[in-house]
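Novice: One structure follows; several queries about it will come next.
Just so you know, all these numbers are worked out from the coordinates, no wet-lab data involved. Given the structure is predicted, the values throughout are model-derived calculations rather than measurements. Don't worry about glycine lacking a Cβ; one is built from the backbone with ideal geometry, like all the others, and counts go over all protein chains shown.
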């Protein structure tokens with residue numbers, strides 16, 4: 001598929017992609033079952049990122065103020081030690097900064113602060129993680145789906 005996938009990372013059954021390019025995943029990451037990664041724009045995922053089931057990452061949309069409603073692709077960057085909760089939705093052009101937590105069913109339409117805890121529709125900053133306690137691997141191998 002032309003993807004770059006780091007050592008210790010896994011993509012679980014039922015994950016879907018829009019094309020065979022524009023996806024880079026660091027080491028020890030997990031993309032759980034039934035995620036949809038719209039990689040028509042570029043998706044960059046750094047090390048130790050955990051993406052829960054049914055997450056949607058959308059890089060392509062339309063320029064709504066354009067007279068021609070032209071399509072656009074915007075890169076999404078997910079930095080180290082981020083966690084995306086079940087059924088969260090990440091829109092194009094955002095950066096999820098190091099250590100960000102996204103709550104279940106949240107909509108992310110703006111970039112996040114490092115170690116922030118976000119949830120809601122649209123998501124907003126609700127708290128901060130202790131950055132001194134983040135030292136783990138997000139690698140996870142599922143034996144049964």
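Novice: Assuming a ≥ b ≥ c are the square roots of the Cα gyration tensor eigenvalues, decide whether segment 97-145 counts as rounded (a/c under 1.5), prolate (otherwise, with a/b larger than b/c) or oblate. Walk me through the numbers on the way to the answer.
Specialist: Numbers: a/c = 2.72, a/b = 1.31, b/c = 2.08.
Because a/c hits 1.5 or more and a/b fails to exceed b/c, segment 97-145 counts as oblate.
Novice: To check you understand DSSP bridge types, tell me what percent of the beta bridges within segment 1-106 (both residues inside) are antiparallel, rounded to 5.
Specialist: Numbers: 3 of 29 bridges.
Bridges in segment 1-106 that DSSP calls antiparallel: roughly 10 percent.
Novice: Now for a different question. What ranking, highest mean first, results for peptides 44-56, 5-17 when packing means the other Cβ atoms within 10 Å averaged over each residue?
Specialist: Highest to lowest by the protection proxy: 44-56, 5-17.
Novice: Quick check: residue separation of residue 140 and residue 95 times 0.36 nm, minus the Cα distance between them. What number comes out in nm?
Specialist: Contour length minus Cα-Cα distance gives 13.8 nm.
Novice: Counting alpha carbon pairs within less than 8 Å and at least 6 residues apart, what relative contact order, in whole percent, applies to segment 33-118?
Specialist: Taking the mean separation of contacting Cα pairs over the length of segment 33-118, I get 26 percent.
Novice: When a/c is below 1.5 the answer is rounded, else prolate if a/b is larger than b/c, else oblate, so apply that to segment 39-80 with a ≥ b ≥ c taken from the square roots of the Cα gyration tensor eigenvalues.
Specialist: In terms of gyration-tensor shape, prolate.
Novice: Is the C-alpha gyration tensor of the chain telling us rounded, prolate or oblate? Criteria: a/c under 1.5 is rounded; beyond that, a/b larger than b/c is prolate, otherwise oblate.
Specialist: The shape class here is oblate.
Novice: Can I ask one more? Any idea what the relative contact order of the chain is, in percent, if you count C-alpha pairs under 8 Å spaced at least 6 apart?
Specialist: The normalised contact order for the chain reaches 18 percent.
Novice: Taking the DSSP beta bridges in segment 36-84 as the whole, what percent of them are antiparallel, to the nearest 5?
Specialist: Numbers: 3 of 11 bridges.
Given both bridge residues lie in segment 36-84, the antiparallel proportion sits at roughly 25 percent.
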